[in-house]
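Some notes on the structure that comes next.
Just so you know, all these numbers are worked out from the coordinates, no wet-lab data involved. In this text, all values refer to a predicted model and were calculated from it rather than measured experimentally. Cβ coordinates were reconstructed from backbone atoms using ideal geometry, including for glycine residues, and neighbour counts include every protein chain displayed.
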Amino acid sequence: AHIVPYANEGSHDVRNGLLLRADFHRLFDVGLVGVTPDLRIRISPRIREAYFNGKAYYRMNDQQLSVVPDLAYLRPDPDRLNWHLQNRFQA
């Protein structure tokens, strides 16, 4: 998933991306899932309205991403993650 969407001047740079499973990718794109700069998952309370209560997702709230590159230059850019939280995430 692009953190800053390509259509919004995001790049194809690896630091502008997250490797997410398909359902999380869709939820991230519409702002029902976010990732903090310290790589913790945020689940929007609005997921309840869109995904039949979203119970399967709430347990993931505030969990660390399970797979993160070892090399810092391959990890998601904290500034871009913050951009997503401020501009896309439905808090």
Could you look through region 1-26, keep only residues that are among the aliphatic types (A, V, I, L, M) and over 9 Å from the mean Cα position of the chain (by Cα), and pick out the one that is surrounded by the most Cβ atoms within 10 Å (Cβ to Cβ)?
Val4
Of everything in region 31-88, what is exposed (fewer than 14 other Cβ atoms within 10 Å of the Cβ), hydrophobic (A, V, I, L, M, F, W, C) and within 24 Å of Ala7 (Cβ to Cβ)? Give them in sequence order.
Ala50, Leu74
When you scan region 41-59, do you find a residue that is over 12 Å from the mean Cα position of the chain (by Cα), among the β-branched types (Val, Ile, Thr) and part of a loop (DSSP other than H, G, I, E, B), even just one?
no
Is it the case that region 38-50 has a residue that's more than 22 Å from Asp13 (Cβ to Cβ), of a type in the set (A, V, I, L, M, F, W, C) and without any contact (Cβ under 8 Å) to a residue 12 or more places away in the chain?
no
